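Engineer: Quick one: the structure is below, and I'll ask about it shortly.
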Amino acid sequence: MKLRKVTAASAVVLALAVTATACGSDNKKDSGSSGSGGGKITVGIKFDQPGIGQKTPQGYAGFDVDVATYVAGKLGYKPDQIQWKETKSAERENALSRGDVDFIAASYSITPARQQKVDFAGPYLLAHQDVLIRADDTAIKSPSDLNSKKLCSVTGSTSAQNVHDKLAPKAQLQQYPTYSACLTGLQNKAIDALTTDDSILAGYASQAAFKGKFKLGGFKMTNENYGIGVKKGSDLKAKINTALEAMVSDGSWQKAVDKNFGPAGYKNEPAPKIGNIVS
């Protein structure tokens with residue numbers, strides 16, 4: 001009888017231990033939040049920006065994807081441990097605050113307003129607002145040459161309006177639903193120029209269907225410091241900064257630039273120093 005009691009008690013202890021272990025496994029968040037490796041890490045990117053972040057039948061591609069993959073690797077995650085999540089511009093801060101993603105690399109410009117809501121590692125790319133014109137266009141050599149020209153940007157973007165208000169008040173603004181639609185209009189001469197960040201323009205112009213048909217103006221009308229967004233107070237910021245420094249020093253950063261933007265003749269800025277925000 002005494003033996004039975006000991007055995008029964010042992011069985012209860014064992015059952016409780018197994019239950020506790022199982023509960024701990026179920027409730028533990030993937031270790032991506034601490035960057036310690038193992039499990040999965042969820043990364044927010046754009047799904048619809050060629051050269052930057054794009055979901056394709058073959059997988060995910062673009063400069064931000066390459067940067068994020070490198071960073072995740074330094075945090076201890078293999079490519080098949082990365083869960084890619086689409087984060088549209090208006091949802092980036094919410095996705096971080098809710099914990100939907102561990103970090104975001106999605107042409108995410110560092111601004112004072114955004115820094116109030118999230119932390120940024122980087123910057124890892126200094127982009128500029130620019131224009132894309134036809135490869136044989138010799139008339140548009142400066143922003144002022146956009147006066148009386150048809151200037152396209154996507155609906156909801158402020159890029160074209162900024163040019164109109166500050167640099168070319170006589171520019172004829174045209175709004176199209178997508179950048180691809182603007183490119184078609186540019187190719188067909190329905191518009192004269194397309195404006196947004198030069199990195200985004202280079203990504204679109206590097207598509208196989210458009211190679212050799214367009215060129216960047218090289219006007220550098222604004223500075224856009226792309227950073228990797230993390231939840232406010234996250235210890236990932238420092239770890240990602242270390243990874244970005246390694247990416248630059250071992251040459252992987254420049255290879256990613258050449259791979260994703262090179263076909264458009266993109267003259268990139270040197271890799272920015274961590275924490276150096278160019279206004």
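The values are calculated or read from the model by the stated rules, or taken from the named source; none is laboratory data. Keep in mind the model is a prediction, meaning the values are calculated, not measured. Note that each Cβ is placed from the backbone with ideal geometry, even for glycine, and that neighbours are counted across all protein chains shown. With ligands, DNA and RNA removed, areas are computed over all heavy atoms of the protein, side chains included. Shrake-Rupley method; radii C 1.70, N 1.55, O 1.52, S 1.80 Å.
Engineer: Tally up the residues in segment 103-124 that are over 13 Å from the mean Cα position of the chain (by Cα) and either of a type in the set (A, V, I, L, M, F, W, C) or more than 27 Å from Pro270 (Cα to Cα) (or both), please.
Structural biologist: 4
Engineer: Give segment 154-184 a look and list any residue that's in contact with a Phe, Trp or Tyr (Cβ under 8 Å, 6 or more places away or on another chain) and open to solvent by less than 50 Å² (accessible area, probe 1.4 Å), or say none.
Structural biologist: Residues satisfying the conditions are Val154, Tyr179, Cys182, Leu183.
Engineer: Could you identify the single residue in Lys231, Lys273, Lys255 that is in contact (Cβ under 8 Å) with a residue 40 or more places away in the chain and either within 30 Å of Asp136 (Cβ to Cβ) or among the basic types (Lys, Arg) (or both)?
Structural biologist: One residue alone meets the criteria, Lys231.
Engineer: Could you identify the single residue in Asp119, Asp130 that is among the charged types (D, E, K, R) and open to solvent by less than 10 Å² (accessible area, probe 1.4 Å)?
Structural biologist: Asp130
Engineer: Identify, from the list Thr242, Thr195, the residue that is under 21 Å from the mean Cα position of the chain (by Cα), in contact (Cβ under 8 Å) with a residue 24 or more places away in the chain and buried (at least 21 other Cβ atoms within 10 Å of the Cβ).
Structural biologist: So the residue among Thr242, Thr195 that is under 21 Å from the mean Cα position of the chain (by Cα), in contact (Cβ under 8 Å) with a residue 24 or more places away in the chain and buried (at least 21 other Cβ atoms within 10 Å of the Cβ) is Thr195.
Engineer: Consider Gln187 against the criteria (1) open to solvent by 60 Å² or more (accessible area, probe 1.4 Å); (2) over 15 Å from Leu132 (Cα atoms): it satisfies all of them except one. Which criterion is unmet?
Structural biologist: In the conditions (1) open to solvent by 60 Å² or more (accessible area, probe 1.4 Å); (2) over 15 Å from Leu132 (Cα atoms), Gln187 misses (2) alone.
Engineer: Just wondering, is there one or more residues in segment 171-188 that are in a loop (DSSP other than H, G, I, E, B), touching a Ser or Thr at 6+ places or on another chain (Cβ under 8 Å) and not acidic (Asp, Glu)?
Structural biologist: There is at least one residue in segment 171-188 that is in a loop (DSSP other than H, G, I, E, B), touching a Ser or Thr at 6+ places or on another chain (Cβ under 8 Å) and not acidic (Asp, Glu).
Engineer: I need the full set of residues from segment 213-260 which are small (Gly, Ala, Ser) and farther than 18 Å from Asp130 by Cα, in order please.
Structural biologist: Gly227, Gly229, Gly233, Ser234, Ala238, Ala243, Ala246, Ser249, Gly251, Ser252, Ala256
Engineer: Can you report the number of residues in segment 217-238 which are surrounded by fewer than 20 Cβ atoms within 10 Å (Cβ to Cβ), more than 17 Å from Glu93 (Cβ to Cβ) and not β-branched (Val, Ile, Thr)?
Structural biologist: 6
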